[in-house]
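A short worksheet on the structure shown next.
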Amino acid sequence: MGCAPSIHVSQSGVIYCRDSDESNSSHQTTTISQGTTTLHGLFIKTDAADSIPSVLAYQSRQQPPPSAGPRRKERREPGASARARATRCCGVEAETQTSDSSVKGSATEVQIGPMRLTQDPIQVLLIFAKEDSQSDGFWWACDRAGYRCNIARTPESALECFLDKHQEIIVIDHRNSRYFDAEDICRSIRATKPSEHTTILAVVPRTSADEEEASVLPLLNAGFDRQFKENSSITACYNELVQIEHGEVRSQFKLRACNAVFTALDHCQEAIEITSEDHVIQYVNPAFERMMGYHKGELIGKELTELPKSDKNCADLVDNINTFIKKGKEWQGVYYGRRKTGESIQQHVKITPVIGQGGKIRHFVSLKRLHCTNENNKQLYKSHRDEKYTGDNSQSESHSFKCKNRRKDSIDVKSVTSQSSDAPSLPTRRYSSMARIHSMTIEAPITKVINIINAAQENSPITVAEALDRVLEILRTTELYSPQLGTKDEDPHTSDLVGGLMTDGLRRLSGNEYVFSKNVNLSHSHLSVPNTINDVPPCIAQLLDNEESWDFNIFELEAVTNKRPLLYLGLKIFARFGVSEFLNCSEATLRAWLQMIEANYHSSNSYHNSTHAADVLHATAFFLRKERVKGSLDHLDEVAALIAATIHDVDHPGRTNSFLCNAGSELAVLYNDTAVLESHHTALAFQLTIKDSKCNIFKNIDRNRYRTLRQAIIDMVLATEMTKHFEHVNKFVNSINKPMASEETSSHSEGSDCECTANIKNFPDNQTLIKRMMIKCADVANPCRPLELCIEWAGRISEEYFAQTDEEKRQGLPVVMPVFDRNTCSIPKSQISFIDYFITDMFDAWDAFAHLPVLMQHLANNYKHWKTLDELKCKSVRLPSENNN
C-alpha cells in the first residue's frame, strides 16, 4: 500500500483497518493474521483486540457533519503517559501516541489581582469502559473546544494517566456499575495530591418524567463536583465542558497561583499575620513564628483576644486600632506584642483591611517588624537574624549601632521609655506619657514619613544616615512647599513680593495701630437695580453679549455701569449656570444679594474693588465651561465657585495682610494674624447674607446642602491667601497633573479623558484641589489677559501698593515692599518677578488640566512686553512714545 493504514478497535474487539490514502477510491483488501485465524477483507475480528492498550488518545480527524452523527474515531495511546505498546498488523505498526495536530486551543491570559498568569490548553480525561455515543459526544466536544483529550477504560489505566497528565477535567461514566465502580475510581483519584485542583464530572443516566430525581449528595461525598445527565449531543457536552472551564477550572487555576504568593510570604523577613474579619488567625509566616516564639499550630484558628497581651500598651490602644481598621482604613504605628515567653517587644505594625465579597472587610493583614530601640529588642532582632542567616555580620551590625548612637533625635523618646520601668518616679510618668503619644492612632502623614526615615536610618551606612538627618531637618520645618530664596544677589522685586504676599509681616512697632473702622454698607435701597436680566440698558446688554469670551473687556463694563460691573455680570453668569434654580431662590433675592455684596466693595481702591471681583467671576465662569473642569465638578461645586469668586475680596481695605498685622488692626487681632483678610471676606459675606431675608440666597436650601455649600465657599476663598500658594500648586500637580499624565500615557483610547474625569469625581479631595486651583488662577489671571487689560491691571495693583508704602512711611510702620516706592519702582520688573515666581508654574499646571491655549499665548505676549520695557529701562507700564500718544 502506498500509505500506512489507520487502525481502529471496536467495542467487540474488531480492528478496523483502512488505507489513509484518500486518493485511492477502491477498497484494498488487507490480511491480518493472529494466532491460527486468517481472514481476508476490510473488516476482520481477531484476538488482537486483547493487546490493544486501555488508555487511548483521540487523534485528529475531520468532524462529521451534524446529520451524520458521531463517527468512530482513531485513538492512539500517549507514548509517555501509559503503557506504550505496539501492535503490528500486516506490517503496519499500530502505536498509540498523543497528537496535538487538532488542538485549536491556545494559552489563555488570566488575571488574579496584580498577577498575570498564562493558562495552558485544558486537558480532559474520559473514563468510559465501553465506547458509545456519549463518549463520542464528549470527545467531539473536546475537539471543538480545543482541549487535549485522553480516554481510559479501566480504573488502573485511568489513575496512571491522571498521575502523568494531571488533567483539569475528568469525566467518569456513572451510568452502569457492570464494568467498574465510578465512585471508587473518583475516591482513588481524590486520594492523590494533584486532584486538589481537578474537577470531576459524573455522567448519570437520564431520568424519565415520572421518575423522582436522585440526590447528588452521594456523588459529592464520593468526590464528584458535578453531575451530567446522559446526553450524547456534542453541543450539550461542549456547553458543559466550557462552563466547567470558565467556572471551576479557572477558579482552581487562580487558587494554584496562590502557592507562589504563600511561598513569597513564607520567605518574607517581615512577620505577617492574616486574620478573618472577626480577628481569627488564619495564617502566620515563619518570620512571625520566630518573632513571637509560637508555632503556627498554636495560633491558627485562635482569636486574637485569646492570646496574652502586653501591659505596656495604653489601655484603649486596641480599641482605637479596631475602630480605625473597621472603617476600612490602614493603621500604622508602634505596638507592644507579647512573646510566648512572656516578654514584651516593641513592634512597628501596619494593619491593612482587605475588602472581599460584597464589598465588606473579609481579612486583616498585619505586617510587623521589631522596633530596635532597647537592648531586649536588639538582642531578639540579632537572634532572629542569626537564625535566618549564617556568616559574619559583625561589621554591618557595628555600623548600625554607630548610626543609632549618632542619631540622638531618633531615640530620645523611645530610649527613655524603655528605661521607665526601673524607677516609678515623676520622670517615669512623663516617659510613659511620651510612649503613649508615640503609640497614638492619630498619626499624621508627615509623622509616618519621619518614622519610616528613622527606621531606615537604623541599618544605613553613615553617609546615608547623615543625608537622612538633613532630610529630617527639612521635613520638620513648617514651610514645606515654599521655595527658599537665596540671600545673595536676589532680585529685590521678587524678595519684596514674597515678603509682602507670603508672610504675615509681624514686625510691629510699639504704639502704632492701624484701626480698620470702615462702616459696613448694609443699605442698598438707593441703588437702581434692573428687575430682570432683560431689563438692563442696551449698551450694557450689548457688552454682556460677549461675556463668554476670554477677551471680554471688564473695564468697558465698569465704565458703562458706573463702577457696578459685578451686579450686571453676576446676573448674566448666575442665570447661565442656574444658580437661582439650585438655591431655590427668586431672581429678586439674587439681585438684592449681588447689589449688597457689590456695595461692600471699596470703589476707592484702585485694584481691590468690585471690578476685580467681576473679573475673577468672569474668569471662574470661563474655567467652569472647560470640558475637563465641567466633567470633574458637580453643580454644587459650580455654584460654590461662582459665589466664592463674587465675595472673595468683599470689604477689602486696599492693604495686605502683612500691613494689617504690622499695624495691629482690629481684624488682625480678631483672626490671630492668620489669613486675616480671607477670613474676614468669608465671615462678612455670610453675615451680610443671612442678616437680611431680602438678600438671603441660602434661606430655601436644606441644612445639609447649606453646610456643604458653605464649606466649599470658605475653602475656596481661603485658598486665595498667598502664604499657601506653593502648597496648593504642588498638591494639584502631584494629585491631579501627574496621575492624569500617567493615565494618558498608558491609555490611548478615546474614552481615556472621560475615565480621568470620572476618577476625579470619585475622590472629593481631588475636586477640592481643582476648585482651589481654579479660583487661585482666576484671582491672579491679569497677566493672562489681552495686553491692554494686563497693562491696566498692572497699573492699578502698583498704585495700590504705592499707596500702602506711602502710608507705612507716614505711620512709621515697617515697609513691607520697599520696591513699591512710587518714585523709584519699575513696574515691568515687578511684573516679570510676579510672573516668574507665582504665575508661570501655576498656569502651566492649570493649562495641563483645563487646556487653555488662548491664556498661555496672552501670557507669553505680555511677558515679552514687560521684558522689552525692562530692557529699555522703562519703569512705567508703557513705552514713553506710547504714553505720549
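Read-outs: derived from the displayed coordinates by stated rules, not from any lab. What you see is a predicted model; the values in this text were computed from it and never measured. Every residue, glycine among them, receives a Cβ derived from its backbone with ideal geometry; neighbour counts consider all protein chains shown.
Could the peptides 587-597, 260-270 be put in order, highest first, of the mean number of other beta-carbon atoms found within 10 Å of their residues?
587-597, 260-270
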Just to confirm my numbers, what's the Cα centroid distance between segment 564-623 and segment 266-312 in Å? 63 Å
Can you figure out the FRET efficiency of Val242 with Lys691, using R₀ = 51 Å and their beta-carbon distance, to the nearest 0.05? 0.10
Amide proton proximity set for Gln227, modelled H, under 5 Å, gap of 5+: Ala202
Given backbone amide H placed at 1.01 Å from N, residues whose amide H is under 5 Å from that of Glu168, ignoring those fewer than 5 places away on the same chain, are Gln123
Quick check: residue separation of Asn823 and Val261 times 0.36 nm, minus the Cα distance between them. What number comes out in nm? 194.9 nm
Expected vector for segment 825-839, Karplus 3J(HN,Hα) from phi with 6.51, -1.76, 1.60 and θ = phi - 60°, integer Hz, x for Gly and Pro, equals 5, 9, 4, x, 5, 5, 5, 4, 5, 4, 5, 4, 8, 10, 8
Short version: ³J(HN,Hα) in whole Hz for each residue of segment 582-598, in order, from phi by Karplus 6.51 cos²θ - 1.76 cosθ + 1.60 (θ = phi - 60°), x for Gly and Pro, what are they? 5, 7, 6, 10, 6, 5, 5, 5, 5, 4, 4, 5, 4, 5, 5, 5, 5
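Checking the a/c ratio against 1.5 first, then a/b against b/c, what shape does the Cα gyration tensor give for segment 546-633?
On the way: a/c = 2.02, a/b = 1.23, b/c = 1.64.
Judged from the Cα gyration tensor, segment 546-633 comes out oblate (a/c at least 1.5, b/c at or above a/b).
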Too long at a 18 Å Cα-Cα cut-off: which of Lys630/Lys699; Lys326/Lys350; Lys193/Lys296; Lys296/Lys340? Lys630/Lys699; Lys193/Lys296
Using amide H atoms built 1.01 Å from N in the peptide plane, name the residues 5+ places from Tyr283, or on other chains, whose amide H lies under 5 Å from its own. Ile274
Along segment 717-726, what does the Karplus equation 6.51 cos²θ - 1.76 cosθ + 1.60 (θ = phi - 60°) give for ³J(HN,Hα), rounded to whole Hz, x for Gly and Pro? 5, 5, 5, 6, 5, 7, 5, 9, 3, 6
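Could you calculate the contour length gain from Asp316 to Ala860, that is, 0.36 nm times the residue separation minus the distance between their Cα atoms, to one decimal place in nm? Don't skip to the end; give the middle numbers.
On the way: separation 544, 0.36 × 544 = 195.84 nm, distance 5.95 nm.
Extra length from Asp316 to Ala860 when fully extended: 189.9 nm.
Take the Cβ-Cβ distance between Val354 and Ala467 as r, set R0 to 30 Å, and report the resulting FRET efficiency rounded to the nearest 0.05.
Values: r = 36 Å, r/R0 = 1.20.
Efficiency for this residue pair is about 0.25.
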